[in-house]
Amino acid sequence: PVSYPPITNHKKARMSVVASGVARRCRGVHCARALPLLAKVSGNQIRAFGVSSTLQERATTRPLTPAVRSLVGQHHLDASVIPATGPKGFLLKGDVLAFLAGEVSPLSASSSSQQQQQQQKQQAQQLQSSAAATSAVSVPAGQRERNPAHTSQKKGRGANRTPVYNDKPTSTMRSVIASRLTDAKSTIPHAYSAVTCDVTALTKLRKNLIANHGVKFSLNDVIIKACGMALPTSPRVNSVRQPDGTAQPSAVVDISVAVATKTGLITPIVTNVGERSVYDISKAVKELAGLAQDGTLVPEQYQGGSFTISNLGMFGIQSFTAVINPPQTAILAVGATSDVPTPTGRKTTLTMQISCDARVIDQDDASKFLHTLKKFLETPEMLLEPPTEQFA
């Protein structure tokens, strides 16, 4: 205990002034340094300075809001004797007003302590019941998928849930994809370049050919054909990295086309694209996509290739970044077409982005390839011609 020297009348007057300053600083705040000083001042002096609410808050476990604290201090009330009707024992402003109006009777010291003990007992029972409910649910090993049927119903605010999960084993294909993508992204220095093409004439010519000759082919088929014509002008972009670290340009253009299946992404290969027509390429892509969906591709149909095209335009994706498919050194990401207003009307644009292995392909090589590819797509007469009887 702290002992203090006797307080004279002169010191009492001085303490009254000091206590008023402490009260102003500590109103609504638990200030430990002010307690020894306020202990020397009588209760009448403390109430006169309007700090009775702060001291009463220390005497009770009920938190007081600023409005309640101000009302209790204004009327010099004892918060511990006012019946509280708020959640978890909170004293509401309405409780204080009802107490002042005489609508409720004050609690005795024994009843107040009994009420606090009862609240603590209820909280302990809630914690025990929550722990029992959690321990009663046994989650078998390998079952961690959320199952709404086994989720406990929410009975109130803060109610615990006990979801059940089921772990699904990773398929062999997903494991191979994860391993290859991790290796490609962590070991290959990717460099990116993008270009936007005006494909208004291309889309019009495609619609006319489909309407007049009855053949169906997609815009992606035309892009494959354009890449087959542009890649020979940029041999480094059409190269394959060898095990010794060197890059060898491919003599032919074999383009891998990304196809999404139920088990994952696979890239069947359209061989010798430069020598094929758009209609022949369209037929080959449809056959390979069907085999990929059925899971009947043979290794020769998806292993190899010198360049990859990934198209997400059918999903409305404007542009995206693709990961290189090793041992290839480049991949082209194709987005959706956009209808853009111009001063003379409207035009259709297409954005493409190439990802290159910076160890093999310089930015100049990538830029030249994209420039040539854009030239072919914006002059579709160089790519499309009326189909022969074989495809008509």
Of (1) part of a strand (DSSP E or B); (2) surrounded by 13 or more Cβ atoms within 10 Å (Cβ to Cβ), residue 341 fails just (2)
Can residue 243 be described as in contact with a Pro (Cβ under 7 Å, 6 or more places away or on another chain), outside any strand (DSSP E or B) and not hydrophobic (A, V, I, L, M, F, W, C)?
no
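Identify the residue in segment 205-224 that is over 23 Å from residue 309 (Cβ atoms) and in a helix (DSSP H, G or I) and, among all such residues, is modelled with the lowest pLDDT. Break it down into steps so the answer makes sense when it comes.
Start the filter on segment 205-224 by keeping residues that are over 23 Å from residue 309 (Cβ atoms), which leaves 208, 211-214.
This time we only want the ones that are in a helix (DSSP H, G or I), so: 208, 211-213.
Values: 208: 90, 211: 89, 212: 87, 213: 84.
Filtering first and then ranking leaves 213.
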If we keep only residues of segment 350-383 that are assigned to a strand (DSSP E or B) and open to solvent by less than 20 Å² (accessible area, probe 1.4 Å), then the residue farthest from residue 279 (Cα to Cα) is 357
I'm trying to understand the selection: among the residues of segment 214-240, which are open to solvent by 60 Å² or more (accessible area, probe 1.4 Å) and either over 23 Å from residue 282 (Cβ atoms) or within 37 Å of the chain's Cα centre (by Cα) (or both)?
233, 235, 236
Residues of segment 172-204 that turn out to be more than 22 Å from residue 324 (Cβ to Cβ) and modelled with pLDDT under 90, as a count:
1
For segment 316-331, does any single residue satisfy the condition of being at pLDDT 95 or above, under 14 Å from residue 199 (Cβ atoms) and under 33 Å from the mean Cα position of the chain (by Cα)?
no
What are the residue pairs meeting all of these: first residue in segment 189-213, first residue open to solvent by 40 Å² or more (accessible area, probe 1.4 Å) and among the aliphatic types (A, V, I, L, M), second residue in a strand (DSSP E or B) and modelled with pLDDT under 95, Cβ atoms under 6 Å, and 6 or more apart or on different chains?
none
Residue by residue through segment 254-288, note down the ones that are surrounded by fewer than 18 Cβ atoms within 10 Å (Cβ to Cβ), under 22 Å from residue 377 (Cβ atoms) and under 36 Å from the mean Cα position of the chain (by Cα).
286
Within segment 290-333, restricting attention to residues that are free of Cβ contacts under 8 Å to residues at least 60 places away in the same chain, in a loop (DSSP other than H, G, I, E, B) and among the hydroxyl-bearing types (Ser, Thr, Tyr), which residue is surrounded by the most Cβ atoms within 10 Å (Cβ to Cβ)?
302
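The values are calculated or read from the model by the stated rules, or taken from the named source; none is laboratory data. Just so it is clear, the structure is predicted and the values come from calculations on it, not from any experiment. Methodologically, a virtual Cβ is constructed for each residue, glycine included, from the backbone with ideal geometry; neighbour enumeration extends over all protein chains shown. Heads up: the accessible areas ignore ligands, DNA and RNA and are worked out on the full protein's heavy atoms, side chains in. Shrake-Rupley method; radii C 1.70, N 1.55, O 1.52, S 1.80 Å.
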